[in-house]
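Engineer: The structure's right below; bear with me while I get my questions together.
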Amino acid sequence: MGVVYIMWLRQLKKYWRSKPRMIGSLAQPLLFLLALGFGFGPIFEKAGGGSYINFLAPGIISMSVLFTAMFAGIDVIWDRQFGFLKETLVAPVSRARIMLGRTLGGATVASLQGFIVLLISFFIGFRVQNIWYIPMALVFMFLIAMFFTSLGTAIASKLEDMQAFQLIMNFLIMPIFFLSGALFPLDSLPKAIVIITRFNPLSYGVDGIRGVLTGASHLGIGMDFSIMIIITAIILAIGSYLFSKIEV
């Protein structure tokens with residue numbers, strides 16, 4: 001498992017050294033929390049929804065994890081263009097282990113990003129029902145991060161153009177985010193949209209985090225956790241297979 005640890009550590013070092021990237025990735029979640037939280041808060045409360053900050057924060061935490069995890073896949077293209085990927089792949093180790101190490105590293109970075117947003121949200125007014133449930137929320141963050149890091153890596157494994165990767169990510173990320181229940185409740189939606197949200201993996205992550213932190217789960221924490229485990233295992237297997245077929 002040495003190569004897994006090395007690849008995991010490499011991803012963490014890249015994140016730690018890129019302080020402007022760290023700060024920049026927090027700007028959008030903070031803007032959403034402040035602008036939407038305080039802008040739509042009074043309307044949400046008048047509609048009988050309670051505190052909008054409490055509803056919104058889990059969705060923005062998930063958004064932060066989603067964005068960071070998906071764009072972790074761009075490192076595959078970057079390493080391919082600069083020759084580092086070739087040096088890694090010719091090593092006498094399983095490509096599946098290399099992919100697992102990269103995915104764990106990207107997922108750890110994305111989960112750390114989500115945890116930082118969680119801490120920031122406390123200063124804005126977010127309140128959890130029980131602080132002892134925070135570790136369970138971190139588990140959901142990590143599952144979200146593993147799924148979307150694997151997805152990003154799988155897509156990047158089939159691409160060589162960095163701009164094409166960014167276009168595909170932008171095409172996928174926004175619908176996934178907006179149709180996950182991160183910004184609005186999933187109750188009383190048209191049937192067509194409800195069906196779409198059921199096929200959206202982020203819906204279960206958002207609902208799981210919201211459920212353990214605020215007690216307002218729409219689908220059930222047990223169901224959220226089970227589905228996230230299953231789909232993460234599936235996409236990790238697919239990503240490992242595609243990564244093993246890379247030609248450099």
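Engineer: On the basis of being at pLDDT 90 or above and either hydroxyl-bearing (Ser, Thr, Tyr) or surrounded by fewer than 17 Cβ atoms within 10 Å (Cβ to Cβ) (or both), does ILE134 make the cut?
Structural biologist: yes
Engineer: Output the residues belonging to segment 142-196 that are among the β-branched types (Val, Ile, Thr) and in contact with a helix residue (DSSP H, G or I) (Cβ under 8 Å, 6 or more places away or on another chain).
Structural biologist: Answer for segment 142-196, where residues must be among the β-branched types (Val, Ile, Thr) and in contact with a helix residue (DSSP H, G or I) (Cβ under 8 Å, 6 or more places away or on another chain): ILE144, THR149, THR153, ILE155, ILE168, ILE173, ILE176.
Engineer: Still on this structure, please answer the following. Given the condition polar (S, T, N, Q) and closer than 29 Å to ASP75 by Cα, answer yes or no: does some residue in segment 155-163 qualify?
Structural biologist: yes
Engineer: Which residue is modelled with the lowest pLDDT, if the candidates are limited to segment 1-29 and must be surrounded by 11 or more Cβ atoms within 10 Å (Cβ to Cβ) and of a type in the set (Val, Ile, Thr)?
Structural biologist: Ranking the qualifying residues of segment 1-29, first place goes to VAL3.
Engineer: Which one of these is surrounded by 15 or more Cβ atoms within 10 Å (Cβ to Cβ) and modelled with pLDDT of 90 or more: ALA96, ALA145, ALA69?
Structural biologist: One residue alone meets the criteria, ALA145.
Engineer: Filter segment 151-184 down to the residues that are within 14 Å of the chain's Cα centre (by Cα) and within 19 Å of LEU236 (Cα to Cα), then identify the one that is modelled with the lowest pLDDT.
Structural biologist: Filtering segment 151-184 for residues that are within 14 Å of the chain's Cα centre (by Cα) and within 19 Å of LEU236 (Cα to Cα), the one modelled with the lowest pLDDT comes out as MET169.
Engineer: Within segment 179-213, can you find the residues that are among the polar types (S, T, N, Q) and closer than 18 Å to SER62 by Cβ?
Structural biologist: SER180, THR197, ASN200, SER203
Engineer: Considering (1) within 23 Å of LEU26 (Cα to Cα); (2) without any contact (Cβ under 8 Å) to a residue 24 or more places away in the chain, say which one MET169 fails and leave the rest.
Structural biologist: In the conditions (1) within 23 Å of LEU26 (Cα to Cα); (2) without any contact (Cβ under 8 Å) to a residue 24 or more places away in the chain, MET169 misses (2) alone.
Engineer: If only one of SER240, SER188 is out of contact with any Gly (no Cβ under 9 Å at 6 or more places or on another chain), surrounded by fewer than 23 Cβ atoms within 10 Å (Cβ to Cβ) and in contact (Cβ under 8 Å) with a residue 12 or more places away in the chain, which one is it?
Structural biologist: Answer to the check: SER240.
Engineer: Going by the conditions given, is GLY215 in contact (Cβ under 8 Å) with a residue 60 or more places away in the chain, in contact with a helix residue (DSSP H, G or I) (Cβ under 7 Å, 6 or more places away or on another chain) and either closer than 26 Å to ARG127 by Cα or not charged (D, E, K, R) (or both)?
Structural biologist: For GLY215, the condition - in contact (Cβ under 8 Å) with a residue 60 or more places away in the chain, in contact with a helix residue (DSSP H, G or I) (Cβ under 7 Å, 6 or more places away or on another chain) and either closer than 26 Å to ARG127 by Cα or not charged (D, E, K, R) (or both) - is not met.
Engineer: Between PHE32, PHE40, which is more than 15 Å from the chain's Cα centre (by Cα), modelled with pLDDT under 85 and either closer than 13 Å to PHE177 by Cα or of a type in the set (A, V, I, L, M, F, W, C) (or both)?
Structural biologist: After ruling out the rest, the residue left standing is PHE40.
Quick grid of which residues meet (1) within 22 Å of TYR52 (Cα to Cα); (2) modelled with pLDDT of 85 or more:
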site	(1), (2)
GLY101	no, no
ALA107	no, yes
ALA110	no, yes
GLY114	yes, yes
THR149	no, yes
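The values are calculated or read from the model by the stated rules, or taken from the named source; none is laboratory data. Predicted model only: the values in this text are computed from it and were never measured. When we count neighbours, we look across all protein chains shown, and the Cβ atoms used for this are built from the backbone with ideal geometry, even at glycine.
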